[in-house]
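Presented below is the structure to which this report refers.
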Amino acid sequence: MHFFAHYIILIPVLSWVTAVILKGFYGLRTKKFSLSQTLGSGGMPSVHSALVTSVTTALGIKYGVFSDIFTVALVFSMIIIYDAINVRFEAGLHAKALNQLNCMKEKPTSYNFNESIGHLPEEAFAGSVIGIIVAMILMNV
């Protein structure tokens with residue numbers, strides 16, 4: 001069996017690193033690069049999606065797509081990606097509204113809520129593609 005099939009934990013780690021690096025390059029492309037944004041939540045591509053799809057893909061390759069472990073990984077991946085696109089994206093919209101309300105106050109506070117904590121569907125899709133590709137390459141498929 002291949003090295004990464006024995007050490008599947010390395011696949012999501014390398015997928016995470018790949019997605020973070022690509023997120024940094026994407027930030028450079030849009031001329032808005034910042035290290036905190038590159039390492040933080042939200043943005044293109046979704047690091048969460050890359051992470052969970054890489055481990056799900058690796059488990060599917062190793063144990064088969066009809067195995068119990070693949071099913072569990074797939075369900076958790078779907079929950080995480082759904083959360084990133086819907087729940088955390090909505091939380092970001094709420095943060096933006098609260099920050100705008102704060103600016104309108106006579107004495108605004110210095111604290112601002114993080115507005116970029118969720119993902120657009122295309123960001124989650126890009127992260128998922130990265131995760132699948134990294135897993136397939138490392139599992140030699």
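The values are calculated or read from the model by the stated rules, or taken from the named source; none is laboratory data. Worth saying up front: this structure is predicted, and the values here are computed from it rather than measured. Cβ sites come from the backbone with ideal geometry, for glycine too, and all protein chains shown count toward neighbours.
Please go through the stretch 57-99 and pick out each residue that is among the aliphatic types (A, V, I, L, M) and surrounded by 15 or more Cβ atoms within 10 Å (Cβ to Cβ). Before the answer, list the steps.
Filtering the stretch 57-99 for residues among the aliphatic types (A, V, I, L, M) gives 58-59, 61, 65, 69, 72-75, 78-81, 84-85, 87, 91, 93, 95, 97-98.
Once the filter is applied, which keeps residues that are among the aliphatic types (A, V, I, L, M) and surrounded by 15 or more Cβ atoms within 10 Å (Cβ to Cβ), the stretch 57-99 yields ALA58, LEU59, ILE61, ALA73, LEU74, ILE80, ILE81, ALA84, ILE85, ALA91, ALA95.
Set side by side, the residues ALA50, ALA73 differ, and just one is small (Gly, Ala, Ser), without any contact (Cβ under 8 Å) to a residue 24 or more places away in the chain, in a helix (DSSP H, G or I) and in contact with a Ser or Thr (Cβ under 6 Å, 6 or more places away or on another chain), which is ALA73. Cβ-Cβ distances below 9 Å connect the following pairs, each with a first residue in the stretch 118-141 that is farther than 12 Å from SER49 by Cβ, a second residue that is assigned to a helix (DSSP H, G or I) and of a type in the set (Phe, Trp, Tyr), and a separation of six or more residues or different chains: ALA135/PHE4; LEU138/PHE3; LEU138/PHE4; MET139/PHE4; ASN140/PHE4.
Condition check for VAL52 on (1) touching a Gly at 6+ places or on another chain (Cβ under 8 Å); (2) modelled with pLDDT under 95; (3) not hydroxyl-bearing (Ser, Thr, Tyr): one failure, at (2). The set of residues in the stretch 4-18 that are assigned to a helix (DSSP H, G or I), out of contact with any Ser or Thr (no Cβ under 7 Å at 6 or more places or on another chain) and modelled with pLDDT of 90 or more comprises LEU10, VAL13, LEU14, TRP16, VAL17, THR18.
So, in the stretch 61-97, of the ones that are among the polar types (S, T, N, Q) and at pLDDT 80 or above, which residue ends up nearest to GLY43 (Cα to Cα)? Lay out the reasoning, then the answer.
So in the stretch 61-97, the residues among the polar types (S, T, N, Q) come out as 67, 71, 77, 86.
Add one more test, that the residue is at pLDDT 80 or above, and what stays is 67, 71, 77.
Numbers: SER67: 33, THR71: 28, SER77: 18 Å.
So the residue we want is SER77.
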